[in-house]
Amino acid sequence: MHLDFMIVDNKITINNAIEQYLNWKSTYTISAVKAYKPRLLTFMEFVGEGSLLSDINPIQVSAFINHIRYEKIFRGNNYSLATVSYSLNILKNFFDFWNGRGLSNVNPKEFRNIRYVKTLTEVVTKDDVSAMERTLNPRYYEDIIKILVIKLLWDTGMRVSELCDLKLGDIKEINPFGQRSAKIRTKKTMQYNYVMWSKETDAILNQYLGIRLCLNVDHDYLLMSRKSRSSINVKTIQRWIKDIAKNALITKNITPHSFRHGKAHNLVDRGAHHRDIVAILRHSNPASTYHYLTLNEHRFSEVAGKYL
């Protein structure tokens, strides 16, 4: 991919540098581009639109980080340290890209990551899933699609984005053991993998498909709004899970990703080997699985209590 068509005499403006960097980034991750763009544009406004990339120095980058970290506090619109840290990582990635091409004088290795206390991800349990299902009535389309979402998240450990991208053509025939699977593509690695769910979940799927296949739509996505005929997006499922958990009187801050953590914990409780958990969660790096297995309070009490 050629990136020198906007570079004159080894000079490039911050505007063009951001544009070309995002174009390169979009070749393998669209979601990151959407998150990176507003933060890079904020940095561009800080250093001045039209500034030469080669004129930007580490002091300006540090000043920008301090700006969003401290000055916003006095204006009553402070960013969390997690957001500031994320913004810094984006800038490090941006300057690493141009530093490697000899067009930036900013060395990203000079900037240390910002340390902050990370909140623990809530873990969904089997009891939580049952409580959430009891608040829904499978006789109504608006409820049966939510039941299907809950069951698929719990059975497969899918990321919510993977669930939203699931299409009818991705669903496979029932295997000899009476189970059904689907082929999905992970956005992080762009690799295809398989997920499988239980007979109980497949029964709900068939009930849902009885309605879904009768609706005239111009797309093949599994999850669909009956009113708008459009596919269900991530934000909609996030809102559903939050509302259902509230109706089920669950006080934990449950999100769709909580089901993925819950799947990992449930597998551990059932004696699954670490390599099996890696395979089911489809982690390309086995070390990522250990992050999901951080002991929650209940599990910690059980383990620690054995050695008291």
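Six or more apart or on different chains, Cβ atoms under 7 Å: show the pairs whose first residue is in segment 206-217 and at negative phi and whose second is modelled with pLDDT of 95 or more and outside any loop (DSSP other than H, G, I, E, B).
GLN207/ILE144; TYR208/ILE144; TYR208/ILE145; TYR208/LEU148
With respect to the numbered conditions (1) closer than 30 Å to LEU52 by Cβ; (2) crowded, with 18+ Cβ neighbours inside 10 Å; (3) of a type outside the set (Gly, Ala, Ser), which one is the sole condition not fulfilled by ASP155?
ASP155 satisfies every listed condition except (1).
I'd like to verify a number: residues in segment 93-124 that are modelled with pLDDT under 85 and exposed (fewer than 14 other Cβ atoms within 10 Å of the Cβ), how many?
Final tally of qualifying residues: 8.
I'd like to check something: does segment 188-195 contain any residue that is at pLDDT 90 or above and in the same structural domain as LYS252 (by TED's automatic domain parsing)?
There is at least one residue in segment 188-195 that is at pLDDT 90 or above and in the same structural domain as LYS252 (by TED's automatic domain parsing).
Would you check if LYS246 is of a type outside the set (S, T, N, Q) and surrounded by 12 or more Cβ atoms within 10 Å (Cβ to Cβ)?
Taking the combined requirement at face value, the residue satisfies it.
Here is a yes/no grid of residues against (1) in a loop (DSSP other than H, G, I, E, B); (2) among the small types (Gly, Ala, Ser); (3) in contact with a strand residue (DSSP E or B) (Cβ under 8 Å, 6 or more places away or on another chain); (4) in contact (Cβ under 8 Å) with a residue 12 or more places away in the chain:
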position	(1), (2), (3), (4)
ASP128	no, no, no, yes
MET132	no, no, no, yes
ILE150	no, no, no, yes
SER161	no, yes, no, yes
TYR192	no, no, yes, no
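For residues that are polar (S, T, N, Q) and surrounded by 16 or more Cβ atoms within 10 Å (Cβ to Cβ), tally how many sit in segment 249-283.
3
The values are calculated or read from the model by the stated rules, or taken from the named source; none is laboratory data. Given the structure is predicted, the values throughout are model-derived calculations rather than measurements. FYI the Cβ positions are ideal-geometry reconstructions off the backbone, even for glycines, and counts take in every protein chain you see.
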